[in-house]
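In what follows, a structure is listed as structure tokens, so that the remarks can point back to it.
What follows draws every value from the coordinates through simple rules; no lab data is involved. Treat the numbers as computed from the prediction; the structure is a model and nothing was measured. Every residue, glycine as well, gets a Cβ built from its backbone with ideal geometry; the counts of neighbours run over all protein chains shown.
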Amino acid sequence: MLNVLKSLLERLDEVTFADPQMLPLFYPLGLLFILTLLVLSWRIFTRPAPMHGSKYALFGTMKYIFSVLAVVAFCLLALARPYLPQGSIQWKEGPVNCIVVIDQSFSMFAPDVHPIRLAVAKAHARALVEKSILKPGDKVALFVFNKNSRICVYLTNYFRRLPEGIDRITPPRSMKRHLAKWITLNDDSYWFTDFALVLNNIYQAIDMQDSSMGQEIPVKRSNTFIFFFSDGGDESRNLRKINDALKELKIRGIKIYPIGIGTSYGYKLASILKWHGYEAGTHFDAKILKDFGNEYTRLDKRTLGLLKDGTGGEMTTIESNVDSAMTFMRRVVDSHRSSDIEPYYEDDRYELWPYCLYGAMFFVGLLVLSVRI
């Protein structure tokens, strides 16, 4: 432990955070700490002189507040996942930038492709790492969308984060609890998709990263592409926005490779609710059945074909339990590799977040034992 602390102090300026979005939470925590110090100072200077033979505890009951603040601080630090980089320069064929997009709309919960369409998409996306389709030096990003769009993994060469991001997509075993909350609140996010929104978010996120590295945007590349997992959908109302986004992607040399998941005969939306064990009036408003219950969700290749044609990519489909897109994905990845041998930074790291948890556990121990300081 002492050696780790010594090494950390020597390399403090090299500490990097895998999830830096947690760091702004330290601002309100710091304000609470300052406020607590002010209250403690006021109590020290305003309390009466101690009687003969007695003395005041330095912190008194406020030790609990300081301990709680310390626990929260160490937990936030652990959530930011600090680490010390320990990588090295290696040589290999040109690396690729692989962007994974997964449709998380309600139709992707249909079980016409076992076990459900979303699970098939997640398994194929995870295979990029687990089947070694991506190689050291490659970069990967993960976007998830329905009516809304969010980025789960920013473009990074630490592509082992991809499975971590996929795990944050609602898994089948917790779908009931998650969807029960959504249906009860009449949130329509899962009932619709917005292809234009996620496509815009993709090139904007790439531009932001390029700009932060001092590059003039837009940057055109031949090694950047998108695997787009979806069952399609009627996007006729957004065709103009979709075409505008596709033009921006084409300017940047980014091709889309749609992987359609679903069947042509489809699945009734009311049957999806029943298959997952939802009951009208208990888990969702019965009005949902009236509005959507008789509709079918089918694999719609038209919108997926539009994405392919608009960027010069290719498309494949998974329409049964025996279909697989693994060979297709491997071929696409290899086709975007440069034949030139290029240097890359092999990212390895020494994780520091466990030590943050140790610090939190120490202060929890102080709380439990009511140590007098």
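A compact table of results
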item	result
In segment 189-289, the trypsin sites (Lys or Arg not before Pro) that fall in loop regions by DSSP, at most 12 other Cβ within 10 Å	Lys220
Given Lys147/Lys268; Lys122/Lys301; Lys122/Lys287; Lys147/Lys274; Lys241/Lys287; Lys241/Lys274, the pairs whose alpha carbons are separated by over 25 Å	Lys122/Lys287; Lys241/Lys287; Lys241/Lys274
Length released on extending from Asn243 to Asp334, taking residue separation times 0.36 nm less the Cα-Cα span	30.0 nm
DSSP beta bridges in segment 90-346 [antiparallel fraction, %, rounded to 5]	30 percent
Stokes-Einstein diffusion coefficient of segment 90-346, Kirkwood radius over Cα pairs, 20 °C, 1.002 mPa s, in µm²/s	114 µm²/s
Neighbourhood net charge (9 Å Cβ-Cβ; Lys/Arg +1, Asp/Glu -1) for Arg117	-3
Range of Cα positions in segment 239-288 per principal axis (Å), largest first	49, 22, 15
At most 11 other Cβ within 10 Å, DSSP loop - chymotrypsin sites (Phe, Trp or Tyr not before Pro), segment 232-325	Tyr265
Exposure proxy order (Cβ contacts within 10 Å, fewest to most) of Val140, Val322	Val322, Val140
Of every Cα-Cα pair in segment 210-314, the percent that sits beyond 22 Å	50 percent
Neighbour-count ranking [beta-carbon atoms within 10 angstrom, fewest first] of Thr297, Thr327, Thr303	Thr327, Thr303, Thr297
Environment charge at Met208 (Cβ cut-off 14 Å; Lys +1, Arg +1, Asp -1, Glu -1)	-3
